[in-house]
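The values are calculated or read from the model by the stated rules, or taken from the named source; none is laboratory data. Here the structure is a predicted model, which is why all the values come from computation and not from measurement. Positions of Cβ are backbone-derived with ideal geometry, glycine not excepted, and every protein chain shown enters the neighbour counts.
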Amino acid sequence: MERTFIAIKPDGVQRGLISEIISRFERKGFKLVAIKLVVPSKSFAQKHYHDLKERPFFNGLCNFLSFGPVLAMVWEGEGVIRYGRKLIGATDPSKSEPGTIRGDLAVVVGRNIIHGSDGPETAKDEINLWFKPDELTNYTCNQEKWVYGVN
Ligand code: GTP
Ligand code: MG
C-alpha cells in the first residue's frame, strides 16, 4: 500500500495543532504507520529540502525546521501521497482553500505548519531519510475493511 511522509513543522507543534492535524488524516481513513518527535540538525534540514537549495528562502527555511521539534510521520493508504497534499492545501496559506489544513490553520507561506511528500519518489526518499526500516510498522487496522470494503 502507498505511503507518504508527513511532518508537522515547529510552528504547528508549538501552536498545539498536532491532534487537529493527525485527526484529519485519521478521519479520512488513512493509517499511521510511524511517528516520532525530532529536532533535526540544520544539515539534516538541508538534506530534506535539498531540491530548494537555490531558492532565496532556503537558509531561513532550514534554520526554521531545525528549531524543532518536528513531528515526523508516515501515513499509509490508497492515493495517500496525492490526497495528503490535498488535505494539506496550497503551499501559500493565503491561497489555500478553506477546509484544507493550511487554509484553515495558517496565514503565511514561511509558517505553513505542515510538510507532505510531493510524489512517489520523494515519498520514498523522505521516509528513508527520516525513519529507519524498523521504525515503520506493519499491522492490520480493523477499520480497513470498512474503509476499503474488502471483507
Ligand atoms: P512542503 O510540503 O513543506 O515541501 O511544501 P510545498 O511542497 O507545498 O512547497 P515547496 O516544496 O515548494 O516549498 C517548501 C517550503 O518552503 C514551503 O512549505 C514553505 O514553508 C517554504 N516556501 C516555499 N515558498 C516560499 C516563499 O516564497 N517564501 C518563503 N519564506 N518560504 C517559502
Ligand atoms: Mg515540497
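Here are the numbers for this structure:
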| read-out | value |
| --- | --- |
| Residue selected from region 53-73 under the condition in contact (Cβ under 8 Å) with a residue 60 or more places away in the chain and within 16 Å of ligand 2 (Cβ to nearest atom), by the criterion farthest from residue 40 (Cα to Cα) | 73 |
| Cβ pairs under 6 Å, 6+ apart, first in region 6-28 and closer than 18 Å to residue 108 by Cα, second part of a helix (DSSP H, G or I) and among the hydroxyl-bearing types (Ser, Thr, Tyr) | none |
| Residue count for region 97-143, restricted to those that are more than 18 Å from residue 48 (Cβ to Cβ), free of Cβ contacts under 8 Å to residues at least 12 places away in the same chain and within 14 Å of ligand 2 (Cβ to nearest atom) | 0 |
| The one condition in (1) on the phi > 0 side of the Ramachandran plot; (2) under 12 Å from the mean Cα position of the chain (by Cα); (3) of a type outside the set (Ser, Thr, Tyr) that residue 70 fails to fulfil | (1) |
| Tally of residues being more than 9 Å from ligand 1 (Cβ to nearest atom) and either modelled with pLDDT under 95 or closer than 14 Å to residue 24 by Cβ (or both) across region 87-112 | 11 |
